[in-house]
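Only one structure is covered here, and it is reproduced in the block below.
Readers should treat all values here as calculations from the given coordinates under stated rules, not as data from a laboratory. As the structure is a prediction and not an experimental result, all values here were calculated from the model.
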Amino acid sequence: MSKKDKSHSQNSGETEVEMTFLEHLEELRWRIIYALIGIVIGTIIAWIFIDFFINNILLLPAKQANFKLQNLRPFGQLFLFFEVAIILGLIFSFPNVVYQIWKFVSPALRDSEKKYISAIVIFTTVCFLIGVVFAYFVMLPLTLKFAAQFGSPEIANNFSIDEYFSIILSVIIGAGLVFELPMLSFFLSKIGILTPTIMRKYRRHSIVIILILAAVLTPGTDPVSQILLAIPLVFLYEISILVSKIFQKKT
């Protein structure tokens, strides 16, 4: 019987055998290894199709905004391709990473709650993907269009490929993580830190923080992109209150 199984096994169907501190560390080590294996596999898949991802997906917003991109470093594109492959590997393996996290914390859950781990992983992944899609199809086109058109017509806007991909990837990943707000609300409510009453009480403060967060995540000074990100964040905050309320009813 593995250490994980031992932590879940029960004596006479009532007493749960707890893991020791060293066994928890061993379990954490294996969960990290499993997560890293998933990231490596995702990176390899991304590298195999790297030309497709870069030319047909990541460079598409630049083409639509009439960006003129240039590489300023020797072997710059090679290192850039490696960086993009690793980040794509992280995105592809996101469900596995979330699964490993929840499997690690599952001993602290009730038996009736453990069966929802798969649903939690799916919901977390869907929230992340919705954020990625929103950033790619809504935020980035408007942001890049603003960047391309702003300034004097006498000055050519030739953008560094490194800066372009930095904006693209940071906005996509940032939006994906921000869209995890309902899941964060669920987790904090689960451990008793967050309640619907607290979230309602500090709603106005949260809206101010959301506006600041939207300004930070949105590159440049385009107010349209900031508003486009702030609106779904406010909506997600209201959903998070509902999530916290549903959980509170079950306690």
Inset, instruction - Quick one: what are the phi-derived ³J(HN,Hα) couplings along the stretch 39-56, Karplus 6.51/-1.76/1.60 with θ = phi - 60°, whole Hz, x for glycine and proline? - result: 5, 4, 4, x, 5, 4, 4, 5, 5, 4, 10, 4, 4, 5, 4, 6, 6, 9
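Kirkwood hydrodynamic radius, computed over distinct alpha-carbon pairs, for the stretch 126-183: how many Å, to one decimal? Write down the numbers at each step before the final one.
On the way: mean 1/r = 0.0801 Å⁻¹.
The Cα-based Kirkwood calculation yields 12.5 Å.
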Inset, instruction - Amide H neighbours of L194 under 5 Å, at least 5 residues apart or on other chains, H built in the peptide plane: list them. - result: S189
